[in-house]
Ligand SMILES: [Ca+2]
Ligand SMILES: [Ca+2]
Ligand SMILES: [Ca+2]
């Protein structure tokens, strides 16, 4: 059996009928054959597919998949490992922002946000300025968990509720009077001073108000200029020439002629002297004196 030929010396090829299945290779024997199965198959004719998943449930967290050389587990979300026996820690990738506390969940995580932050990842800064108590045209500045007020000029305080008394810093120069206003302040300047802080001086003598070679000065605290008149003049601006004849200095019917800082007396014929008060010597007088 198993041989053929005239001398029965030719081995019959028992593989001739292709008895092996599933890509197995057939090895011819003497009146027999052997199937060398491809991976994943078994049985005399390699007719049976091996079920590697038969006793494998992937820890109950995945489904088993057969492959030619074994099995693999397709894990449910949240699990990993060859047998899906490990749970993924979703906090390992640090998904939470802003110093939040991460809690690992099955196939997920939750972020416990710090005060002032919100969102799945605590990525959103809550706008505390949406309802704020800043007043007097202040600007609200949002922070994390709080806000602050940026005051308009002239105000201070947490909510800009206070008017600043700028006068405490004596901003007005040159004797100006400070008035605290809400907001701000103002300076009431003394005479001849101007500008927001009375820092500018306007010299009234610059306009040359004093006439007739008089001297302009500012001696008084009231800021009024004074004209120091040259001899012979008077008046606030020295514009009045004094009439020295007004006091009738000339006697004996003399005519008075007013001059600057003085006068002339035009004496009648019988008199002389500055004020015509000296009677001239006259022959008639002599005769009169010698009236004997
Ligand atoms: Ca997890
Ligand atoms: Ca905020
Ligand atoms: Ca003020």
- Query: Dividing the alpha-carbon radius of gyration of region 3-79 by 2.2 N^0.38 Å (N being the number of residues), what value is obtained?
  - Reply: 1.73
- Item | Relative contact order (%) - criterion: Cα under 8 Å, at least six apart; region: the chain | 5
- Taking r as the C-beta separation of residue 201 and residue 241 and R0 as 35 Å, the FRET efficiency to the nearest 0.05 is 0.60
- Item | Distance (nanometres) between label positions extended 7 Å along Cα→Cβ at residue 218 and residue 162 | 3.8
- Paramagnetic label zone (point 7 Å from Cα along Cα-to-C-beta, residue 194; backbone N under 17 Å) in region 214-246: 223-225
- Note on the structure: re region 166-241: pairs of Cα atoms spaced beyond 20 Å account for a percent value of 46
- Task: Before rounding to the nearest 500, sum -39500 (n - 2.57) across all DSSP H runs of length at least 4 in the chain and divide by the residue total; then give [θ] at 222 nm in deg cm²/dmol.
- Result: -500 deg cm²/dmol
- Once the piece of chain linking residue 105 and residue 270 is laid out straight, how much longer is it, given 0.36 nm per residue of separation minus the C-alpha distance between them? 45.3 nm
- Query: If the viscosity is 1.002 mPa s and the temperature 20 °C, what Stokes-Einstein diffusion coefficient in µm²/s follows for the chain when Rh is the Kirkwood radius over Cα pairs?
  - Reply: 62
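Got a sec? How would 72, 214, 25 order by Cβ neighbour count within 10 Å, fewest to most?
25, 72, 214
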- Message: Can you compute the FRET efficiency between residue 67 and residue 44 using 1/(1 + (r/R0)^6), with r the Cβ-Cβ distance and R0 = 25 Å? Round to the nearest 0.05.
- Response: 0.60
- Counting only Cα, what are the radius of gyration and maximum Cα-Cα distance Dmax of region 143-292, in Å? 34.6, 134
- Note on the structure: The ratio Rg/Rh over the Cα atoms of region 80-213, Rh being the Kirkwood inverse mean 1/r radius, stands at 1.51
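Read-outs throughout are calculated quantities, based only on the coordinates presented, and are distinct from any laboratory measurement. Because the structure is predicted, anything quoted here is derived from the model rather than measured. Note: ideal-geometry Cβ built from the backbone for every residue, glycine included; neighbour counts use all protein chains shown.
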